[in-house]
1. Against the conditions (1) without any contact (Cβ under 8 Å) to a residue 12 or more places away in the chain; (2) not in a helix (DSSP H, G or I), where does Ala636 fall short? Just the number, please.
2. Tell me which residues, restricted to the range 60-114, are within 30 Å of Ser244 (Cβ to Cβ), surrounded by 18 or more Cβ atoms within 10 Å (Cβ to Cβ) and among the hydrophobic types (A, V, I, L, M, F, W, C).
3. Filter the range 694-727 for residues that are part of a loop (DSSP other than H, G, I, E, B) and within 17 Å of Val663 (Cβ to Cβ) and give the result.
4. State the number of residues belonging to the range 695-743 that are within 16 Å of the ligand (Cβ to nearest atom), farther than 21 Å from Ile650 by Cβ and at pLDDT below 95.
5. Quick check on the range 295-306. Is at least one of its residues farther than 21 Å from Leu167 by Cα, polar (S, T, N, Q) and surrounded by 15 or more Cβ atoms within 10 Å (Cβ to Cβ)?
6. Give, as residue ranges, the helices (runs of 4 or more DSSP H) completely inside the range 525-589 that count at least 3 residues that are touching a residue at least 24 places away in the same chain (Cβ under 8 Å) and within 16 Å of the ligand (Cβ to nearest atom).
7. For the range 844-874, give me each residue that is farther than 23 Å from Tyr705 by Cβ and touching a residue at least 24 places away in the same chain (Cβ under 8 Å).
8. Among the numbered conditions (1) among the hydrophobic types (A, V, I, L, M, F, W, C); (2) in a loop (DSSP other than H, G, I, E, B); (3) within 16 Å of the ligand (Cβ to nearest atom), tell me where Leu691 comes up short.
Amino acid sequence: MKCEHLVNPIGVDAVQPRLSWQLNDSRSGAKQTAYQIFVGTDSLKLLKGQADVWNSGKVLSSSTLESYKGSDLKAFTKYYWKVEVWDKDGIRAKTSFITGFETGMKGMKNWKGSWISDSHDVTTKPAPYFRKTFSASKKILSARAYIAVAGLYELYLNGKKIGNHRLDPMYTRFDRRTLYVTHDVTSAMQDGINAVGVLLGNGWYNHQSTAVWYFDKAPWRGRPAFCMDIRIVYEDGSVETISSGKGWKTSLSPVVFNSIYTAEHYDARLEQPGWNTPKFEDSSWKDVIFRSAPSENIVAQLLHPIRDVEEIPVQKFNKITESNYVFDLGRNISGVSRIKVKGLPGTTIRLKHAERLMENGHVDLSNIDVHYRPTDDSDPFQTDIFILKGNSEETFTPKFNYKGFQYVEITADQPVELSKESLTGIFMHSDVPAAGEIKSSNQVVDKIWKATNNSYLSNLFGYPTDCPQREKNGWTGDAQIAIETGLYNFDGITIYEKWLADHRDEQQPNGVLPSIIPTGGWGYEWGNGPDWTSTIAIIPWNIYLFYGDKKLLADSYDNIKRYVDHITEISPSGLTTWGLGDWVPVKSKSPVELTSTAYYYADAGILAKAAKLLGKEADFVKYNKLALKIKDAFNAKYFNKETGLYGNGIQTELSVALFWGLVPDLYKNKVAENLAKRVEADNNHLDVGLLGTKAILNALSENGYADAAYKVASQETYPSWGWWIVNGATTLYENWPIDAKSDISRNHIMFGEIGAWFYKSLGGIKPDPDQPGFRNILLEPHFVQNLNHFEASHDGPEGKIVSSWTRENNVIQYKVVIPPNSTAKLRLILEKGRNVFENQKTISTENTLMKIQGTDNQVFTKTLSAGTYLFELKF
Ligand code: BGC
């Protein structure tokens with residue numbers, strides 16, 4: 001049971017929170033025929049069926065996702081809910097557990113605190129501490145901290161850090177929307193005197209490093225500030241709120257420099273032990289000053305936070321001298337390193353983080369520092385600086401920065417004794433739950449899948465990024481390409497809903513979006529054509545397909561419309577040249593107009609479908625017509641009916657036309673055949689860039705050439721994903737040649753569509769647009785040659801879907817699990833003479849088989865209800 005797609009969330013501000021649940025019913029054919037939701041403020045009463053807030057009544061529906069429709073929810077209130085369901089036989093099943101959600105501020109009017117900061121300006125480097133003591137006069141029942149920050153923060157109560165989030169709050173366009181975070185601080189409070197401490201970091205709010213995107217000139221820039229209310233409810237029911245304001249004290253901290261982009265510098269000699277505890281003597285601290293709020297729009301941050309997700313031990317250790325060491329984690333990650341070291345007071349230790357080593361064993365930053373424009377040498381790239389207090393073992397981990405790296409080179413200005421255990425890598429990212437798994441008999445395939453997930457996660461920090469080192473930018477193109485990979489593998493809806501709100505904040509009145517989101521202003525001029533910024537349509541549409549949840553599509557509807565209307569305005573012919581084209585191609589270049597027009601077509605189609613879903617009939621008609629017009633213009637210009645080729649017939653041209661549905665039905669087979677021939681002529685290797693990788697494997701496997709697609713996908717020679725893997729990659733790269741001279745980050749998600757393709761083609765698990773959220777699964781696995789085992793599983797909204805096959809002695813065993821409340825349309829392509837058996841009996845009778853034109857193959861279809869199935873496909 002979830003609320004707003006999270007388990008038991010606190011700080012919910014939605015007017016009608018979405019409630020969703022899964023059936024716990026393993027019987028075959030299990031489904032829900034009706035439900036009834038009960039919401040109340042008293043869990044005991046709710047147990048007895050008394051819902052003092054909302055009782056939905058019995059609703060005849062199989063839906064397991066509903067919005068709250070009771071009376072207005074109050075702020076700061078814990079609501080409990082349960083759901084009763086009626087099963088496939090119409091029998092009322094055991095009622096659910098009781099779970100809950102708690103509302104937050106519910107609007108600006110409930111804030112009591114003021115925005116405060118110290119009196120330094122944006123150029124001041126050290127991060128500020130803030131503290132206040134207060135006494136809790138009575139027995140505490142519960143306490144919550146609501147903290148809104150321009151910048152980053154760590155919150156402490158009585159000396160302890162609150163929560164395990166990292167880099168909160170998530171990055172937004174601070175002057176349009178500022179996020180606040182709710183923490184349950186009940187257990188951190190103590191009777192009598194309490195001390196609250198806040199450390200503020202710069203994050204993207206006060207970008208002091210200088211690089212080509214001018215974040216140092218962002219319109220929102222300011223010295224970090226915060227506003228906080230700690231709301232204490234006493235056992236006698238009374239409420240007391242401790243707020244930010246006058247009476248707080250401030251001092252500079254030992255974090256002497258912090259940049260989200262480059263690194264953090266820490267001088268342990270400046271530590272003030274106990275600064276966040278009640279007894280600390282703060283008379284030398286300064287008074288805080290009031291500051292204006294960064295925006296008028298302070299909203300709840302309700303998503304899976306960034307965390308320290310995994311600790312990576314060092315694999316290799318190289319002592320170069322007494323004061324120079326290189327550590328190798330054995331894999332590429334995003335995050336930070338933690339060092340434990342003992343040395344003389346004042347010893348300065350530099351930790352340089354890199355993805356590559358030079359031949360002489362030192363780290364090499366030359367592939368990732370290319371867009372950095374330092375003005376002096378005080379802010380070295382990806383290099384933390386730690387100054388020791390001295391004499392005992394000390395530990396350092398940056399608080400307000402992360403990096404992309406595999407290697408850490410340590411240089412100290414005095415000898416220090418380090419061992420392999422002195423350093424640990426910490427993989428950080430938005431901690432989205434895993435939602436899928438791939439296992440196969442080909443190790444390279446499994447490693448590609450893992451590397452794809454590593455790159456996906458390395459690029460998820462409250463918004464999707466291109467790479468965790470060189471840029472950390474919310475590049476739209478990379479994210480629209482990776483959306484399916486993301487959603488098959490991870491429960492990412494909360495992050496994308498936040499990021500689409502960032503889109504809405506950044507959209508110009510005329511519909512234009514910047515190429516990176518959020519942005520300090522850069523990107524409205526370059527790289528923001530439909531091949532990149534179609535995120536506005538493609539992401540909500542995929543969220544709808546994967547979750548069956550219309551909300552994001554509805555919230556983004558007007559924005560998609562303005563966006564499509566803008567392209568129409570600048571592209572009256574139906575063709576558009578606005579875009580970057582097939583970025584970082586292997587060799588052949590396809591026309592920008594071809595690829596950008598395909599995206600324009602996709603957007604118009606999504607807009608038409610969204611209009612239909614949201615009951616906007618006139619828009620539906622209008623945008624369908626527009627889509628047709630674009631398709632006609634596209635085919636008139638690029639399609640040659642005689643040859644069945646698009647443009648020059650290169651891989652991207654043919655596959656983009658097929659994948660985005662631009663090829664007239666009559667010619668699909670011909671175009672697909674041409675694509676297969678083209679790929680064969682290219683020696684079954686890729687000849688695509690970013691946009692082509694999205695399309696190529698799907699275009700082949702969806703049109704009868706799954707074996708050819710698998711050949712390309714499983715190559716281990718250049719250019720291919722496997723080529724990176726056999727050369728030691730643990731993440732995906734930005735360029736096909738490993739020794740390329742530019743565009744050479746080693747942790748890019750942009751070529752990551754293959755991660756989705758494994759599910760869609762080899763596993764054959766696809767959402768059905770007519771019954772999204774995998775209520776009906778389009779199940780069409782491809783038992784490709786040269787692969788003997790493949791298994792895909794995906795945790796959809798209704799439960800786990802499994803599609804698993806094994807080939808042995810020419811018999812294929814195919815195992816399927818369809819979760820409760822779901823069905824599947826199974827479609828199997830059989831070679832001539834192969835039949836489908838279930839329980840030893842053939843079920844592929846004449847009337848279940850359909851011949852595929854032009855081949856010897858036949859299609860077997862069957863509708864499956866919830867349950868576990870084992871089919872045998874044999875001659
Ligand atoms: C980024 C890409 C991005 C591209 C846009 C690069 O610098 O790293 O991933 O999509 O610019 O052209």
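The values are calculated or read from the model by the stated rules, or taken from the named source; none is laboratory data. Here the structure is a predicted model, which is why all the values come from computation and not from measurement. A quick note on method: Cβ atoms are made from the backbone with ideal geometry, for glycine too, and the neighbour counts reach across all protein chains shown.
1. (2)
2. Of everything in the range 60-114, those that are within 30 Å of Ser244 (Cβ to Cβ), surrounded by 18 or more Cβ atoms within 10 Å (Cβ to Cβ) and among the hydrophobic types (A, V, I, L, M, F, W, C) turn out to be Leu73, Phe76, Phe101, Met105, Trp111.
3. Passing the criteria: Glu702, Asn703, Gly704, Tyr705.
4. 2
5. no
6. Details: elements: 530-533, 535-547, 551-570.
Here the list reads 530-533, 535-547.
7. Passing the criteria: Lys862, Thr863, Leu864, Ser865, Ala866, Gly867, Thr868, Tyr869, Leu870, Phe871, Glu872, Lys874.
8. Among (1) among the hydrophobic types (A, V, I, L, M, F, W, C); (2) in a loop (DSSP other than H, G, I, E, B); (3) within 16 Å of the ligand (Cβ to nearest atom), Leu691 violates only (2).
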